[in-house]
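**Q** Input: one structure, supplied below.
Every read-out reported here was derived from the displayed coordinates using simple, explicitly stated rules and does not represent laboratory data. Model, not experiment: these values are computed from the prediction. Cβ coordinates were reconstructed from backbone atoms using ideal geometry, including for glycine residues, and neighbour counts include every protein chain displayed.
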Amino acid sequence: MQSKILMPHVVERIYNGEDAILDCGMTGPAELLVFVDSLQCGTCQISKFYRFIDIIKEGEGTGKYNVMFLVSPKKEDMGAIREHILLVQPEYPIYIDVNHEFLKLNPQIPNDVRFHCMLIGKEGKPLLVGDPTGNEKMMRLFREVINNDDN
């Protein structure tokens, strides 16, 4: 929780049927990062991102945070991941860690996927670790942290 989270230098953003290579960085006062590493089934996890729709809309409405989906697939799965995202055309951008930098830049992040969803504050430090869609207690804690004006 005390370590600054560093984002990959380059990501591929796929959104609205288009892809672009971008510099990666936080785009709002806080960022709810949902990270999928190469050990997870990327297409399976992408198919579950819909559960964040209400959180995305809430963030857009309040302007207090953005949601970022970052996928870091195995090199041999990169093409399939791109095709899957273009096929399902989610209503939110998905970012691909094309150079597999995220975990290299952040060795403090455990392998346990329960810790791969985190709310990052404007200073780049985690404010909350855990998936707020997982249960009501996490959702209440997420909203409590978001509504704290000190973030």
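**Q** By how many degrees, 0 to 90 and rounded to 10, does the Cα axis of helix 78-88 deviate from the longest principal axis of the chain?
**A** The answer is roughly 70 degrees.
**Q** What are the residues whose amide H is under 5 Å from the amide H of Val67, where those residues sit 5 or more places off or on another chain and H is modelled from the backbone?
**A** Leu32
**Q** Additional query: For the chain, take the longest principal axis of its alpha carbons; what is the angle in degrees between that and the long axis of helix 136-146, to the nearest 10 within 0 to 90?
**A** For helix 136-146, the angle is close to 80 degrees.
**Q** So which lysines can Lys125 reach, going by Cα to Cα under 16 Å and dropping same-chain residues fewer than 8 places off?
**A** Cross-link targets: Lys4, Lys64.
**Q** Please list, by residue number, every one of the trypsin sites (Lys or Arg not before Pro) in the range 55-151 that is coil in DSSP and has at most 14 other beta-carbon atoms within 10 Å.
**A** Lys74, Lys122
**Q** Determine the percent antiparallel among the DSSP beta bridges restricted to the chain, to the nearest 5.
**A** Close to 65 percent.
**Q** Shifting gears a bit: Within the range 4-113, which GluC sites (Glu not before Pro) sit in a loop by DSSP and count at most 14 neighbouring Cβ atoms inside 10 Å?
**A** Sites meeting the loop and neighbour criteria: Glu91.
**Q** To make sure I understand the rule: partners must be aspartates and glutamates, Cα under 15 Å from the Cα of Lys48, and not fewer than 8 residues away in the same chain. Which ones qualify?
**A** Within reach: Asp37, Glu91, Asp131.
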